[in-house]
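Structure first, commentary second.
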Amino acid sequence: MNSVTNGPEPARRPVIGICARTAPVTLQGSDLVVALALQSHVDFLAEAGCTPLLLPLLPGAEDLVDRLDGLLVPGGPDVDPALYGAQAHPATRAVTPDADRVELALLRRALDAGLPVLAICRGLQLLNVLHGGTLHQHLADVAGHDGHRPRTQNFTLGRQPLKLLSGSRIAGILDEDEPETACHHHQAVDRIGSGLTVTGRAGDGTVEAVEVTDHPFAIGVQWESGHTADRRLHRALAHAARERLRKEQADAVPIP
């Protein structure tokens, strides 16, 4: 990814919203439910010169878009099948319909505002559902294998060869001859949504990357970006947010 800037640094650090997840934890002997983000998302964006901001998925969260310069939608629980007109598969679990609807509204507002967006794993699936697409609820039924979510005692990333669309933004960001995924998912895109372009597939045909057509920077990846040391996507999001902020501030300067 070319990180060369085209002008002076913006007057402030770009603010990147990260959609929060909720999870039960035990802290100092107390059982709690907390709102959280993967620390690597926070660290990678901070290292890239941005200020990460955790966004709890509460009604009205989309109103915060005006205060953001970019949005990261991370992995998380399965998307409610009712949102794309399907009945729940027995393997579909941990759905959070209220949070789904808030996150979809947040994603829609961000796209309409032209904010750079990086949607990871569940985030890609939400991006597809937002555009009228559907999901395979249990990929092993379609692919015939569990390579995308290895069945091991501990959390294990699957490694799949990745075929990228030449000339796509994701191909430019990764910029390598033989890319591969680092994935852990049991759902995936089925029917692609209107206004999206598939820019990456696994060797078995599973959709691994999509981009919003005619948007400056809106990418969805199915793999677990943030679970490895690869910072390229986070840096690309930060660069896009910085360029947007620079242009916004330049346009706001009054003409003498």
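The values are calculated or read from the model by the stated rules, or taken from the named source; none is laboratory data. A quick note: this is a predicted structure, and the numbers were derived from the prediction, not measured. FYI the Cβ positions are ideal-geometry reconstructions off the backbone, even for glycines, and counts take in every protein chain you see. Side chains are part of the model used for accessible areas, which takes the heavy atoms of the whole protein and leaves out ligands, DNA and RNA. Shrake-Rupley method; radii C 1.70, N 1.55, O 1.52, S 1.80 Å.
The number of residues in the range 25-58 that are closer than 18 Å to PRO14 by Cα, assigned to a strand (DSSP E or B) and polar (S, T, N, Q) comes to 1.
For the range 111-132, the set of residues classified as surrounded by fewer than 22 Cβ atoms within 10 Å (Cβ to Cβ) and among the small types (Gly, Ala, Ser) consists of ALA113, GLY114, GLY132, listed by residue number.
Only one entry of ARG93, ARG108 meets the criterion of being under 24 Å from HIS227 (Cβ atoms), of a type in the set (D, E, K, R), open to solvent by 10 Å² or more (accessible area, probe 1.4 Å) and without any contact (Cβ under 8 Å) to a residue 60 or more places away in the chain, and that entry is ARG93. For ALA209, the conditions (1) in contact with a Ser or Thr (Cβ under 6 Å, 6 or more places away or on another chain); (2) among the hydrophobic types (A, V, I, L, M, F, W, C); (3) part of a helix (DSSP H, G or I) all hold with the exception of (3). Scanning the range 159-200 for residues being part of a strand (DSSP E or B), surrounded by 18 or more Cβ atoms within 10 Å (Cβ to Cβ) and modelled with pLDDT under 95 gives a total of 5. Here GLU224 fulfils each of the conditions (1) buried (at least 23 other Cβ atoms within 10 Å of the Cβ); (2) part of a loop (DSSP other than H, G, I, E, B); (3) touching a strand residue (DSSP E or B) at 6+ places or on another chain (Cβ under 6 Å) apart from (1).
When residues of the range 60-77 are filtered for being at pLDDT 95 or above and either assigned to a loop (DSSP other than H, G, I, E, B) or open to solvent by 20 Å² or more (accessible area, probe 1.4 Å) (or both), how many remain?
Step one: of the range 60-77, the residues at pLDDT 95 or above are 60-74.
Among the residues that remain, those that are also either assigned to a loop (DSSP other than H, G, I, E, B) or open to solvent by 20 Å² or more (accessible area, probe 1.4 Å) (or both) are: 60, 62-64, 66-69, 74.
Within the range 60-77, residues that are at pLDDT 95 or above and either assigned to a loop (DSSP other than H, G, I, E, B) or open to solvent by 20 Å² or more (accessible area, probe 1.4 Å) (or both) number 9.
Within the bounds of the range 4-16, is there any residue that is closer than 20 Å to ARG231 by Cα, part of a loop (DSSP other than H, G, I, E, B) and at pLDDT below 90? Among the residues of the range 4-16, at least one is closer than 20 Å to ARG231 by Cα, part of a loop (DSSP other than H, G, I, E, B) and at pLDDT below 90, which makes the answer yes.
Given GLY132, GLY172, which one is within 30 Å of LEU64 (Cα to Cα) and more than 15 Å from the chain's Cα centre (by Cα)? It would help to see each step written out before you state the result.
Details: GLY172 fails: within 30 Å of LEU64 (Cα to Cα).
Step by step, each of GLY132, GLY172 is checked, and only GLY132 is within 30 Å of LEU64 (Cα to Cα) and more than 15 Å from the chain's Cα centre (by Cα).
Scanning the range 77-128 for residues that are closer than 27 Å to LYS247 by Cβ and β-branched (Val, Ile, Thr) gives VAL117, ILE120.
The rows are residues; the columns are (1) touching a Leu at 6+ places or on another chain (Cβ under 7 Å); (2) more than 24 Å from LEU174 (Cα to Cα).
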| residue | (1), (2) |
| --- | --- |
| SER30 | no, yes |
| PRO56 | no, yes |
| GLY60 | no, yes |
| VAL79 | yes, yes |
| PRO90 | no, yes |
| VAL95 | no, yes |
| ASP100 | yes, yes |
| LEU104 | yes, yes |
| LEU111 | no, no |
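When GLU208, GLU243 are checked against the criterion of being over 29 Å from ARG191 (Cα atoms) and at pLDDT 90 or above, a single residue qualifies: GLU243. All of (1) within 28 Å of ALA94 (Cβ to Cβ); (2) of a type outside the set (S, T, N, Q); (3) in contact with a strand residue (DSSP E or B) (Cβ under 9 Å, 6 or more places away or on another chain); (4) surrounded by fewer than 18 Cβ atoms within 10 Å (Cβ to Cβ) hold for ALA229 with one exception: (3).
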